[in-house]
1. In the stretch 29-69, which residues are modelled with pLDDT of 95 or more, open to solvent by 20 Å² or more (accessible area, probe 1.4 Å) and not hydrophobic (A, V, I, L, M, F, W, C)?
2. State the number of residues belonging to the stretch 1-40 that are outside any helix (DSSP H, G or I), of a type in the set (A, V, I, L, M), in contact with a strand residue (DSSP E or B) (Cβ under 7 Å, 6 or more places away or on another chain) and closer than 20 Å to GLY57 by Cα.
Amino acid sequence: MKKILVVDDEPQIVRVVQGYLERAGFQVIRAANGEEALSLFRRERPDFVILDLNLPGMDGLDVARAIRRESNVPILMLTARVEEVDRITGLELGADDY
């Protein structure tokens, strides 16, 4: 079973995303902040990461940078940020989609 790490500080968003993914047959690992996300990433080695940019403490851009230094795992940015500069920055950091 493929593992997906979902990182978002909004519990309702995580529940919705988790529900869809589990119904599709994926195992979901959840993190609410950047530090927790990196710890889980290193321990669980997920096959895919869905990452919010607006996280408490270490933001999603920093998490993406750290993950990209260690792995080529696909990263999808899931965020309320809609500015072009945010999209470009996320993609330049190694996100596969925004």
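1. ARG30, ASN33, GLU35, GLU36, SER39, ARG42, ARG43, GLU44, ARG45, ASP47
2. Count: 5.
The values are calculated or read from the model by the stated rules, or taken from the named source; none is laboratory data. Computed from a predicted model, the values in this text were never measured in an experiment. Here the Cβ is made from the backbone with ideal geometry for all residues, glycine too, and neighbour counts use every protein chain on show. When the accessible area is computed, the model is the full protein with side chains, heavy atoms only, and any ligands, DNA or RNA have been set aside. Shrake-Rupley method; radii C 1.70, N 1.55, O 1.52, S 1.80 Å.
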